[in-house]
1. Probe radius 1.4 Å, ligands and nucleic acids ignored: give me the carbon and sulfur share of the accessible area of the range 1-93 as a rounded percent.
2. When the scattering of the range 175-254 is computed by the Debye formula from its Cα atoms alone, each counted once and equally, what is log10 I(q)/I(0) at q = 0.19, 0.20 Å⁻¹?
3. For the range 83-178, what is the Kirkwood estimate of the hydrodynamic radius, computed as the reciprocal of the mean inverse distance between distinct Cα atoms, to one decimal in Å?
4. With every atom except the alpha carbons ignored, what do you get for Rg and Dmax of the range 1-80, in angstroms?
5. Express in Å², to the nearest 10, the accessible area of residue 28 obtained by rolling a 1.4 Å probe over the protein heavy atoms while all chains stay in place.
6. What are the residues whose amide H is under 5 Å from the amide H of residue 181, where those residues sit 5 or more places off or on another chain and H is modelled from the backbone?
7. Average the reciprocal distances over every distinct pair of alpha-carbons in the range 1-159, invert the result, and give the Kirkwood radius in Å.
8. For the chain, modelled as a Gaussian network with Cα springs under 10 Å, which listed residue fluctuates most, 265, 158, 14?
Amino acid sequence: MADRPRFGPAGFPSAFKELKLPVGEFPRYLRDEGLDAFEYQAVRWGAKPQMKREVAEKLGANAKDHDVWLTVHGSYFINFCGNVETIEASKNRLIACATAADWMGAHLVVFHPGFYGKRRQEEALELCVKAMGDVVKSMRSLGIAKVRLGPETTGKPSQLGSLDEILTLCERVNSTEPVIDWAHIHAREGGRMKTANGFRAVTEEIEKRLGSDALRNLHCHFTRVEFTEKGEKRHHILDEVEYGPDFHHLATLIAELDLKPVIISESPILDVDAQKMRDMVLRELEGKRRL
Ligand SMILES: [Zn+2]
């Protein structure tokens with residue numbers, strides 16, 4: 001559980017990449033920016049970890065030294081609602097990501113559960129429950145004890161991953177926690193996150209279904225997003241106010257409800273907007289103290 005609201009980027013910012021430093025140097029870089037969370041992107045991985053164990057361990061050790069909260073974004077090539085071969089291959093890809101997460105000492109592997117294809121919603125959901133349960137069992141037998149699975153709210157109506165479905169997966173499968181991508185909920189549901197009440201309704205639903213601890217310790221993704229009737233189209237920076245959702249609504253709720261979320265910035269300017277979100281939350285907390 002995070003001890004305070006934490007902020008960081010989804011992947012390495014371009015300015016860090018230009019330095020051509022080893023991956024393990026990133027936690028120090030982040031702390032110099034005043035950030036304290038990082039989501040490593042394993043989004044193109046197949047059946048085997050695509051990083052060396054010693055690199056993962058070094059990243060993990062340095063993250064610990066510099067007090068950076070690590071998570072991994074798992075492969076995009078996961079579909080627990082596909083045919084039998086696809087489901088089996090998807091399990092192996094998620095296990096590969098969980099293996100590297102374990103090397104790093106990361107808390108969570110985030111992933112998108114799948115696509116409905118021609119399946120009915122209930123059937124697709126049952127397949128996800130079964131496959132995720134199998135992955136948790138395999139992780140246990142491989143000795144991966146601490147890493148949790150984080151099914152994420154998805155950005156397109158063709159993908160399984162409504163808020164209700166994600167909460168159901170977390171109710172039914174052990175070692176899981178919900179990943180709330182606010183932009184995805186906004187895009188998938190035609191602009192649902194327009195108002196403070198939209199945010200409040202989501203937090204109430206999470207608390208009702210999974211309890212206060214789950215709400216207090218949420219793992220979140222945030223960016224402004226452009227969408228069509230097919231869902232998510234493009235991410236936008238926080239200053240592009242013509243696109244929703246507005247982080248201010250979440251910052252207010254974090255202060256009001258005393259939440260300690262991990263907020264991963266998926267803005268095109270990853271770490272810059274992570275700092276901006278951090279400052280907005282700090283301002284809200286400061287305002288609350290002065291009351
Ligand atoms: Zn994602």
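1. Working: 2350 of 4660 Å².
Here it works out to 50 percent.
2. After summing over all Cα pairs, the log10 values are -0.80, -0.87.
3. On the way: mean 1/r = 0.0746 Å⁻¹.
After inverting the mean inverse Cα-Cα distance, the result is 13.4 Å.
4. Here Rg and the maximum Cα pair distance are 13.0, 39 Å.
5. Rounded to the nearest 10, that gives 130 Å².
6. Under 5 Å from the amide H of residue 181 lie the amide H atoms of 153, 221, each far enough along the sequence or on another chain.
7. Numbers: mean 1/r = 0.0612 Å⁻¹.
Kirkwood radius, the range 1-159: 16.3 Å.
8. 14
The values are calculated or read from the model by the stated rules, or taken from the named source; none is laboratory data. These figures come from a predicted structure and were not determined experimentally. The protein model used for the area step is the full one, side chains on, heavy atoms only, and it has no ligands, DNA or RNA in it. Shrake-Rupley method; radii C 1.70, N 1.55, O 1.52, S 1.80 Å.
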